[in-house]
Ligand SMILES: Cc1ncc(COP(=O)(O)O)c(C=O)c1O
């Protein structure tokens with residue numbers, strides 16, 4: 001890990017403290033791996049590293065039409081400031097979608113945010129005091145670790161297995177740490193692709209109720225299910241009703257460039273989050289909200305999500321098939337039922353960060369797993385995204401990776 005300050009400053013040997021910056025930024029770190037991956041935009045590169053939705057699958061025509069309609073229907077309104085909690089129309093559309101997805105919601109339960117990343121950052125500011133403990137599933141979404149730490153949290157990992165976070169381990173850690181909150185990604189998690197089983201959702205909701213901590217349920221991937229039954233969101237369980245915040249996103253079902261997300265929370269928390277949001281960006285872009293509302297109401301979104309599911313399922317299958325054929329003996333990986341990621345572990349105590357430079361020279365990229373851990377990383381792991389490339393390129397990329405790993 002390197003200091004987040006620009007290289008020039010680092011080269012001059014100045015720390016954040018010497019530059020009179022806030023104490024909290026001295027804890028911020030930018031990863032060497034991420035910096036390395038950011039430099040590799042070569043067209044020949046087959047990247048399993050990005051968490052990006054496939055650009056070739058964006059509904060460019062539909063989104064273009066949505067913006068045209070939004071602008072021509074009421075130009076004076078869509079170019080004006082608008083309420084902090086979001087437009088009534090979009091909150092209504094989001095509440096309807098949440099209700100359909102087994103989370104009964106009213107428009108007033110919902111606050112629109114600038115991506116779900118902002119919903120997460122605002123929630124952290126509302127719930128975390130400097131030094132408060134927040135529990136996370138280990139490993140977890142890197143930018144959640146950053147948002148929580150920036151808010152002052154002491155982040156503590158809880159072990160997980162194939163069914164997700166382990167309730168017995170959670171109970172032990174909760175009794176020891178008395179956390180303010182638990183953060184988790186219940187469906188097709190980033191980075192592991194794992195889904196939290198239905199009985200575990202109930203067990204975790206009960207623990208939240210008994211021990212009085214918040215559950216931050218971050219669910220950008222839930223709608224990208226290829227097979228199997230969807231489980232009810234944790235936030236829909238009665239035990240968690242007054243203790244959970246549900247975060248959703250337009251990024252994986254629509255397009256991330258719109259930067260649209262939402263937060264569903266009990267009234268008292270939602271009000272506080274609304275005041276914090278006001279101080280940060282007043283509101284999310286009015287015109288983007290109007291376009292997204294049109295898109296959600298136009299009837300285009302459901303066939304589009306169906307298309308994404310079918311295409312991503314084909315890409316996942318290509319990845320699983322090629323992994324089975326090409327990876328060295330002893331390598332293990334999971335079979336996610338949806339989402340964008342496969343989590344792989346090499347045999348023994350290989351450090352995948354040391355494999356990465358050689359992989360990049362062979363024009364294939366992945367994310368070494370260590371960055372996703374709050375502590376004690378398993379360095380033999382890596383995250384592979386199957387979303388971005390079509391099946392033929394996925395197979396070619398894994399052939400390159402297998403050669404780097406000495407197999408294939
Ligand atoms: C688990 C998780 N939460 C939140 C986000 C942020 O998404 P958004 O584009 O809605 O800000 C991502 C993005 O990759 C993610 O993987």
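In table form, for the structure just shown:
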{"item": "Flag if residue 295 is surrounded by 16 or more Cβ atoms within 10 Å (Cβ to Cβ), within 18 Å of the chain's Cα centre (by Cα) and at pLDDT 95 or above", "result": "no"}
{"item": "Hits in the stretch 272-283 (condition: out of contact with any strand residue (DSSP E or B) (no Cβ under 8 Å at 6 or more places or on another chain) and in a helix (DSSP H, G or I))", "result": "272, 275, 276, 278, 279, 280, 281"}
{"item": "Residue check for residue 301: surrounded by fewer than 17 Cβ atoms within 10 Å (Cβ to Cβ), under 25 Å from residue 77 (Cβ atoms) and within 16 Å of the ligand (Cβ to nearest atom)", "result": "no"}
{"item": "Scan of the stretch 128-146 for residues that are in contact (Cβ under 8 Å) with a residue 24 or more places away in the chain and over 30 Å from residue 228 (Cβ atoms), ordered by number", "result": "128, 129, 132, 133, 146"}
{"item": "Count of residues meeting criterion [within 17 Å of residue 219 (Cβ to Cβ), surrounded by fewer than 23 Cβ atoms within 10 Å (Cβ to Cβ) and away from the ligand (no atom under 12 Å from the Cβ)] in the stretch 106-142", "result": "1"}
{"item": "Residue check, residue 147 within 14 Å of the ligand (Cβ to nearest atom) and either in a helix (DSSP H, G or I) or crowded, with 23+ Cβ neighbours inside 10 Å (or both)", "result": "yes"}
{"item": "Answer from 324, 348 - the residue that is in a helix (DSSP H, G or I) and either on the phi < 0 side of the Ramachandran plot or over 21 Å from the mean Cα position of the chain (by Cα) (or both)", "result": "324"}
{"item": "Which numbered condition residue 376 fails, given (1) surrounded by 19 or more Cβ atoms within 10 Å (Cβ to Cβ); (2) on the phi > 0 side of the Ramachandran plot", "result": "(1)"}
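Okay, residues lined up against (1) in contact (Cβ under 8 Å) with a residue 12 or more places away in the chain; (2) farther than 21 Å from residue 234 by Cβ:
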position	(1), (2)
48	yes, yes
53	yes, yes
64	no, yes
90	yes, yes
97	yes, no
110	yes, no
120	yes, no
126	yes, no
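The values are calculated or read from the model by the stated rules, or taken from the named source; none is laboratory data. This one's a predicted model, so the numbers in the text were calculated from it and none came from an experiment. Using ideal geometry, Cβ is built from the backbone for each residue, glycine included, and neighbour counts are taken over all protein chains shown.
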